[in-house]
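S.K.: Sharing a structure, written as structure tokens. Questions coming.
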Amino acid sequence: MAEEVVNFKVTIDGIPVEVAPGTSILNAARQIGGDIVPPAMCYYSKLEGSGGKCRTCLVKVSKGSEKDPRPMPKLVASCRTTVMDGMEVQNITSPEVVEARKGVVEMLLINHPLDCPVCDQAGECKLQDLGYEHGSEGTRYEFERRTFERIDIGDKIQLHMNRCILCYRCVYVANQLTNSREHGILNRGDHSEISTYIHKALDNDFIGNVIDVCPVGALTDKTFRFKSRVWFTKPINAHRECTCCSGKVTLWYKGEEVLRVTGRKDEFGEVEDFICNTCRFDTKKTADWILEAPALLDEDSVIMVNQYAQFNPPTVIKEDDKLQLANEEQLARTERLK
């Protein structure tokens, strides 16, 4: 018989929760939910090795465990720190954590351009949410921002390196979902950038997922660029029979037109099932999909302003070959009578 797994009891901001051994503090907080969940810009539960880059999920461990109750001397990244039995963690209840997170946000925004008015990620940008919830009102930075030349890395993907926060999510996606990885981090320090040695190299059946995992507007969909603000669209969950992926997506409608297709995301903004490029870029007609229901979004999201009150999917007009042939015959007879 298999040995019974004994869960660890952890307390986060005074709220106890039991989790399996090996669970990170961040995922333990996610089981509780609400405001005590630390923000995460680089961690992605579907990607192995992610986390530990942005430092926005810092927490204070005030008690290490029952066996060793000593507190940890420094703040730790909750996405990379596993829980211990009897551990006590402070997140929003710790002034030290709140102040440190404010400093991390200020550092992330040092080089990030203030181009939200022209960025397609506006309205669903995690950095916008992070800056509003945990940032300062102003900046102390007086030097020129870091800038990069614009390059073309693919026929369907636009890279704006000036907006990148080096979370590495797109690199992990390409490395773990595709047969080969053509892009990565070049150079070091403040010269580090996401790039390719060969331009227009990102051409893989699953490479479009780098758009979904990017928390900012560094990687955007060329087929959706400047077509509409996201809060003017209505997201609908749909599916189709696909030989490459699950075929489960979210269609973003404006009227009866599908402006873009994305993977479905959970409450933490992570894609549930990665989708192929065929579903993402090549099937943008209602007739290609079986519509299910309006997508469930965070009530505080600006996109909820334009949600459907009732599910009323647009009409699918299918071609009728017999009717078309009859119309052509009728037109021919009419022409002879003229």
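S.K.: For Met84, what residues show an amide H to amide H distance below 5 Å, using hydrogens built from the backbone and excluding near sequence neighbours?
M.R.: The answer is none.
S.K.: Under 10 Å from the Cβ of Val258, count the other residues' Cβ atoms, weight Lys and Arg +1, Asp and Glu -1, and hand me the total. Display every interim value, and only then the final one.
M.R.: On the way: positive: Lys254, Arg260, Lys284, Lys285; negative: Glu256, Glu257, Asp288.
Summing Lys/Arg as +1 and Asp/Glu as -1 gives +1.
S.K.: Let me ask something else. Would you please classify the overall shape of the range 111-294 from the alpha carbon gyration tensor, given that a ≥ b ≥ c denote the square roots of the eigenvalues, rounded means a/c under 1.5, and beyond that prolate means a/b larger than b/c while oblate covers the rest?
M.R.: Oblate, because a/c is 1.5 or more while a/b does not exceed b/c.
S.K.: Using a probe radius of 1.4 Å on heavy atoms only, what accessible surface per residue do you get for the chain? Whole Å² is fine.
M.R.: Ligands and nucleic acids excluded, the figure is 57 Å² per residue.
S.K.: Report the Cys residues of the chain lacking a disulfide-compatible partner, meaning no second Cys Cβ under 4.7 Å from their Cβ.
M.R.: Cys57, Cys79, Cys116, Cys119, Cys125, Cys164, Cys170, Cys214, Cys242, Cys279
S.K.: For the chain, what does the helix formula give at 222 nm: sum of -39500 (n - 2.57) over DSSP H segments with n ≥ 4, over the residue count, nearest 500 deg cm²/dmol?
M.R.: That calculation yields -5500 deg cm²/dmol at 222 nm.
S.K.: Roughly to the nearest percent, how much of the accessible area of the chain is carbon and sulfur, given a 1.4 Å probe? Please list the in-between numbers first.
M.R.: Numbers: 9660 of 19400 Å².
Using a 1.4 Å probe with all protein chains present, the chain comes out at 50 percent carbon and sulfur.
S.K.: Also, I was wondering about something else. Report, as a whole number in µm² per second, the diffusion coefficient that Stokes-Einstein gives for the range 8-105 at 20 °C and 1.002 mPa s using the Kirkwood radius over alpha carbon pairs.
M.R.: 162 µm²/s
S.K.: Next question. Compute the distance in nm between two label points, each set 7 Å from the Cα along the Cα-to-Cβ direction, one at Thr243 and one at Ile110.
M.R.: Those two pseudo-labels are separated by 5.1 nm.
S.K.: Taking amide hydrogens as modeled 1.01 Å from N in the peptide plane, which residues meet the under 5 Å criterion relative to Ser65, leaving out close sequence neighbours?
M.R.: Arg70
S.K.: Could you pull out every one of the lysines with an alpha carbon less than 26 Å from that of Lys254, ignoring same-chain neighbours closer than 8 positions?
M.R.: Lys254 reaches Lys126, Lys156, Lys222, Lys227, Lys234, Lys265, Lys284, Lys285, Lys318.
S.K.: When a/c is below 1.5 the answer is rounded, else prolate if a/b is larger than b/c, else oblate, so apply that to the range 78-209 with a ≥ b ≥ c taken from the square roots of the Cα gyration tensor eigenvalues.
M.R.: Oblate.
S.K.: I've got another one for you. Assign one of three labels to the chain, namely rounded, prolate or oblate, based on the Cα gyration tensor with a ≥ b ≥ c the square roots of its eigenvalues; rounded applies when a/c is under 1.5, prolate when it is not and a/b is larger than b/c, and oblate otherwise.
M.R.: Prolate.
The values are calculated or read from the model by the stated rules, or taken from the named source; none is laboratory data. Worth saying up front: this structure is predicted, and the values here are computed from it rather than measured. Cβ coordinates were reconstructed from backbone atoms using ideal geometry, including for glycine residues, and neighbour counts include every protein chain displayed. Side chains included, ligands, DNA and RNA excluded: accessible areas come from the protein's heavy atoms. Shrake-Rupley method; radii C 1.70, N 1.55, O 1.52, S 1.80 Å.
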